[in-house]
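Throughout, read-outs are computed from the coordinates displayed, never taken from laboratory work. No experiment lies behind these values; they were computed from the predicted model shown. In this analysis, Cβ positions are derived from the backbone assuming ideal geometry, glycine residues included, and neighbour counts consider all displayed protein chains.
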Number of protein chains: 2
Amino acid sequence: MSTAPKTDTREAIMSAARLTVQSEGYNALSFRDLATAVGIKSASVHHHFPTKGDLAEALVCRYSEDFSARMAPLIEQSFDEAIAGYVALFRGAFDGGNRMCLGGMMSAEVSALPEPARKRLEGFAQVHRGFLRTVLAKKHKRLSAEALDVRAMAIYTAMEGAQLVARGLGGDVKVFDNAVEVYRATGLLD
Amino acid sequence: MSTAPKTDTREAIMSAARLTVQSEGYNALSFRDLATAVGIKSASVHHHFPTKGDLAEALVCRYSEDFSARMAPLIEQSFDEAIAGYVALFRGAFDGGNRMCLGGMMSAEVSALPEPARKRLEGFAQVHRGFLRTVLAKKHKRLSAEALDVRAMAIYTAMEGAQLVARGLGGDVKVFDNAVEVYRATGLLD
DNA sequence: ACCTGAACACCGTTCAAGT
DNA sequence: ACCTGAACACCGTTCAAGT
């Protein structure tokens with residue numbers, strides 16, 4: 001297999017870092033805490049990720065891949081099911097800890113990111129736009145490619161906002177659910 | 001007058017801190033940089049704000065007041081004008097630097113905030129809910145108070161999301177404008 | 001009341017050194 | 001290749017000391 005066990009130190013660092021970024025933020029991420037979590041010393045983390053910015057880039061890249069993989073099976077489903085599944089991916093952040101989409105968190109902290117990591121953030125937005133464009137295209141056969149893209153992005157931004165605000169209010173899933181229900185009722189998710 | 005000149009050190013600290021939080025984030029805010037900006041020493045900042053958390057609380061509180069003051073004149077206008085004015089308040093963040101709503105930024109970094117500051121964040125959400133509820137009530141005479149509240153919050157979350165994502169994509173106002181246009185076209189802002 | 005220098009335990013990063 | 005201790009300039013915070 002080309003995909004080895006992959007339970008090595010580098011993977012352990014990324015795994016621990018991802019959770020911390022989602023719950024505390026990138027600026028709150030510490031190489032020393034990370035090192036302690038995986039059982040090495042702070043200086044050793046730099047062997048796998050020369051700078052914190054390099055780790056940020058790897059994290060956004062990996063998160064995009066993971067999100068993409070979880071959206072993939074939804075494409076074959078009906079429009080309503082695909083949208084519901086997409087919403088569920090964001091809603092899942094509230095299960096077990098007040099986490100947040102890593103893309104949304106990094107968007108807030110973009111000023112701390114080096115250029116390569118910012119590019120990955122654009123890639124993350126592309127992943128959402130691409131998925132939603134495909135889903136929307138099923139239902140809106142007459143919309144132009146541009147119109148589908150713009151509409152796709154609006155759904156993505158609305159989901160990030162519902163998650164951001166609900167998180168700020170103590171991880172109140174009700175706030176998230178209520179917002180999504182209005183999105184649906186008013187037609188944003190049609 | 002009860003409102004004195006107010007150009008004292010405390011105000012200077014809050015003013016500088018607000019801009020830094022909006023552009024870099026709360027976790028990136030440094031007491032030492034703040035001290036340098038206002039011409040005192042790091043330890044002196046603690047005389048005005050004992051802890052960083054106290055400063056956070058004061059910042060969210062003040063920001064809520066300012067936002068509320070800027071929304072107030074919109075209430076007397078027509079529904080469309082009020083919504084347009086509300087959207088403009090969020091759009092203004094992109095003028096001069098890639099800033100972000102302080103409430104949105106603090107929502108992402110909520111884990112770093114002490115309880116009193118989190119309460120102020122709830123107050124900030126209340127300010128938006130209260131304003132939008134009043135505006136929506138003009139148009140939707142038959143909606144219940146609860147329905148108006150939920151709808152108001154959904155508009156607030158959608159605006160925060162459009163700003164968050166646009167900021168993440170390099171402060172691209174086009175992303176923000178496009179998202180708002182879809183919000184409007186689909187009926188979320190009706 | 002308002003400010004300060006010095007100390008504390010933190011932070012990312014670098015580097016020479018180990019295996 | 002992978003790890004380490006020690007050093008650097010940073011961070012929030014505390015405190016005794018100044019005016």
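The table for this structure:
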quantity	calculated
Degrees, to the nearest 10: A:115-139 long Cα axis against longest axis of chain A	30 degrees
Residue-averaged beta-carbon neighbours from other chains (10 angstrom radius) around A:100-111	6
For A:A88, label point 7 Å along C-beta direction: distances to other copies, nm	4.4
All Cα pairs of the protein assembly as shown, percent lying beyond 26 Å	53 percent
Computed magnitude of the charge dipole of the range A:146-190 (debye, nearest 20; Cβ of K, R +1, Cβ of D, E -1)	140 debye
Hydrodynamic radius by Kirkwood, which averages 1/r over all alpha carbon pairs of the range A:62-190, in angstrom	15.2 Å
Distances in nm from A:D33 to the matching label points in the other copies, shortest first (labels 7 Å along Cα to Cβ)	1.9
For A:63-73, mean number of other protein chain Cβ atoms within 10 Å	0
Selection from A:Y63, A:A43, A:M14, by position along the positive dipole direction of the range A:1-116 (Cβ)	A:A43
Other protein chain Cβ atoms within 10 Å, averaged over every residue that makes up B:48-60	0
Low-density loop cleavage sites - trypsin sites (Lys or Arg not before Pro) in the range B:123-179, where at most 10 other Cβ are within 10 Å (DSSP)	B:K141, B:R142
FRET efficiency for B:E115 and A:S42, using Cβ-Cβ distance with R0 set to 41 Å, rounded to 0.05	0.85
Modelled label reach - A:D33, point 7 Å along Cα→Cβ, the range A:77-121 residues with backbone N closer than 17 Å	A:97-102, A:105-106, A:109
Length-normalised contact order of chain A in % [C-alpha pairs under 8 Å, at least 6 apart]	21 percent
Equivalent-ellipsoid semi-axes of the range B:10-114, from the Cα gyration tensor, Å, largest first	29, 13, 13
Mean Cβ count within 10 Å, highest first, over the residues of peptides A:62-69, A:176-183, A:74-81, B:183-190	A:176-183, B:183-190, A:62-69, A:74-81
Rotation relating A and B, chain B residue nearest the axis via C-beta, angstrom	B:G161, 1
Cβ-vector label at 7 Å, A:A72, separations to other copies in nm	5.6
The range A:22-102 - percent relative contact order, Cα under 8 Å, separation 6 or more	33 percent
